[in-house]
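Let me begin by presenting the structure, written as C-alpha cells, before commenting on it.
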Amino acid sequence: MTDSAGQTPDVRSTGSQLFDLPRAFVILLSAAAAVVVLAGLQAAAWLVAPTFLALILVITMAPVASWLRRRGWPGSLTTLVLVICVFGGLLVLALGIVVSVAALATELPRYTGAAHDMAAKVTSWLAGFGVGTDQLRQAADSLDLGKLGGLLASLLGSIAGLASSFVFLLALLLFLSVESSGVGDRLASIGADRPRVTAALGRFARNTRQYLLVTTVFGLIVAVLDSVALAIMNVPLAVIWGLLAFITNYIPNVGFVIGLLPPALLALLSGGPDLMVAVIVVYGLLNFVLQSLVQPRFIGDAVGLSVTVTFLAFAFWAWLLGPLGAILAIPLTLLLKALLVDIDPRARWADALLRSSPKEGDVAELEVLAQQRKTQRRRWRLRKQVESAESAEPVAT
C-alpha cells in the first residue's frame, strides 16, 4: 500500500509511536481496558465458566480419544463414548452433591439442642472474664439449626434448577469433542507463522492434563481415607464429608480448610471438643502428607506457580466466575500465563515472578533480554535524534 506520493510508509513508525505516549497514559488506558474486559467476563460468567470447563474436560480426555482413533474407532463413535463417559461422571458427581445436601438438611435439626447447650457454656465461660453476655445470650437463643436446614433445602432447589446448565454443558462437550480431531492441523498451521503460540498452547494442554489427572487421583485417595477415618470416629455423614473433600481438593490452598470445617463442626455438636480436635488432627495429617509431601512430586513443574500467586488466582477467579472459577483457578491461570507470558520472549521476567522457583538459566536469559531491550531503546533514541536533526535543517532553495 502506497501513499499519494507513491512511497511506501514505514510500518515500524507506527510501533515506535508507542514510545511517544506518556507511560502514565498507557497504564491508565490499559487499566481501563482491563476493567471493561473483567466486567464483561463477570456478566457472562454463566457462559464463560461452563465453556472453559468443557474445554478443560476435552483437553484432559484428548489422549484417550487419540488412543481410540489409533485402534480404528470411527471419529463419531469415539466422540460419543467420550461425551457419555465425561458427562456421566459429572452427572454422578452432581447427584452425589444433591443427595449430600439433602441428607445434611435432614441431619442438622437434630443437633439444635446440643448447639444451644454449647452456646450457653461458651456464654458462661466468657462471663467469667467479664465479657458482656446479653447480646451473646440473645444470639444463643436465636440459634436454630432448623433454619440452616431450610437454607440447605432452598439450595437443593437451586441445584435442581441447574438442569439447563447441564444441557448446555453437554452440547459444549459434544461440539468441542467433534472439533478436537482437527486441533492438531490447526496448531500446525498456526505454528508455521507463530511457533511460540503453538508451543505455549501445547505446554498449557500438557500441564493442565497432568495437573487434573494427579489432582483427581489424590482427591479420590483423600476422600476415601477421610471417609474411613470419620466413620471410625463415628462422625455423622462420613461419606458426605469424603465427597466434599474430593471436590474441595481442586480448590488451591484453602480447599482443605473448606473441606474440614463442616465435619469438624458436626463432630463438635455430636461428640464434643475432643472429637472435633481428633477430626482436625486426622484431617491435618492425611492432607498434609498426601497434598503437601506426595502430590507435588507427581505434579512436578506442571503448575510451577508460587503459593502467593496460587492463592491470589483462587480469590480472583472465584470473584470473577463464582464457585466454578474457584475450582478451575489453576487451569485458568495457566491459560492466561500461556497467552500473555509464554508466547512473548520479552515477558520472561513475569514468568520468573510467577514461578515458585526460577528455572535453571532463567537469570542469565533475563539478563540477555534486558540488555537487548536497552540496545533497542538506545537505537530508537538515536534514530529520533537523527530525524529531529534532519527536520531542523533548512530546506535548500
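Any idea how many residues of segment 248-263 are more than 21 Å from Thr308 (Cα to Cα) and crowded, with 20+ Cβ neighbours inside 10 Å?
2
Residues checked against (1) over 13 Å from the mean Cα position of the chain (by Cα); (2) at pLDDT 75 or above:
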site: Phe314; (1), (2): no, yes
site: Ala326; (1), (2): no, yes
site: Leu335; (1), (2): no, yes
site: Val341; (1), (2): yes, yes
site: Pro358; (1), (2): yes, no
site: Asp362; (1), (2): yes, no
site: Leu369; (1), (2): yes, no
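Among the small types (Gly, Ala, Ser), surrounded by 12 or more Cβ atoms within 10 Å (Cβ to Cβ), modelled with pLDDT under 65 and over 19 Å from Leu324 (Cα atoms), is that true of Ala153? Working first, answer last.
On the way: among the small types (Gly, Ala, Ser): yes; surrounded by 12 or more Cβ atoms within 10 Å (Cβ to Cβ): yes; modelled with pLDDT under 65: yes; over 19 Å from Leu324 (Cα atoms): yes.
Here the answer is yes, as Ala153 does meet what is asked.
Residue by residue, here is whether (1) surrounded by fewer than 13 Cβ atoms within 10 Å (Cβ to Cβ); (2) at pLDDT below 60; (3) in contact with a Lys or Arg (Cβ under 6 Å, 6 or more places away or on another chain); (4) closer than 21 Å to Pro50 by Cα holds:
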{"site": "Ser124", "(1), (2), (3), (4)": "yes, no, no, no"}
{"site": "Ala127", "(1), (2), (3), (4)": "no, no, no, no"}
{"site": "Gly157", "(1), (2), (3), (4)": "yes, yes, no, yes"}
{"site": "Ala163", "(1), (2), (3), (4)": "yes, yes, no, yes"}
{"site": "Gly191", "(1), (2), (3), (4)": "no, no, no, no"}
{"site": "Ala199", "(1), (2), (3), (4)": "no, no, no, no"}
{"site": "Phe204", "(1), (2), (3), (4)": "no, no, no, yes"}
{"site": "Val214", "(1), (2), (3), (4)": "no, no, no, no"}
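Working only within segment 218-237, note down all residues that are in contact (Cβ under 8 Å) with a residue 24 or more places away in the chain, within 18 Å of Pro273 (Cα to Cα) and out of contact with any Asp or Glu (no Cβ under 7 Å at 6 or more places or on another chain).
Once the filter is applied, which keeps residues that are in contact (Cβ under 8 Å) with a residue 24 or more places away in the chain, within 18 Å of Pro273 (Cα to Cα) and out of contact with any Asp or Glu (no Cβ under 7 Å at 6 or more places or on another chain), segment 218-237 yields Ala229, Leu230, Met233, Asn234, Val235.
I'm trying to understand the selection: among the residues of segment 68-102, which are over 30 Å from Trp241 (Cα atoms) and assigned to a helix (DSSP H, G or I)?
As a first pass, look at segment 68-102 and keep what is over 30 Å from Trp241 (Cα atoms): 68-81.
Result: Leu68, Arg69, Arg70, Gly75, Ser76, Leu77, Thr78, Thr79, Leu80, Val81.
Show the residue pairs meeting these rules: Cβ distance below 8 Å; 6+ apart or different chains; first residue within segment 38-49 and touching a residue at least 60 places away in the same chain (Cβ under 8 Å) and exposed (fewer than 14 other Cβ atoms within 10 Å of the Cβ); second residue in a helix (DSSP H, G or I) and of a type outside the set (A, V, I, L, M).
Trp46/Ser165
The values are calculated or read from the model by the stated rules, or taken from the named source; none is laboratory data. All of these numbers come straight from a predicted model, not from anything done at the bench. Heads up, the Cβs are rebuilt from the backbone with ideal geometry, glycines too, and the neighbour counts pull from every protein chain shown.
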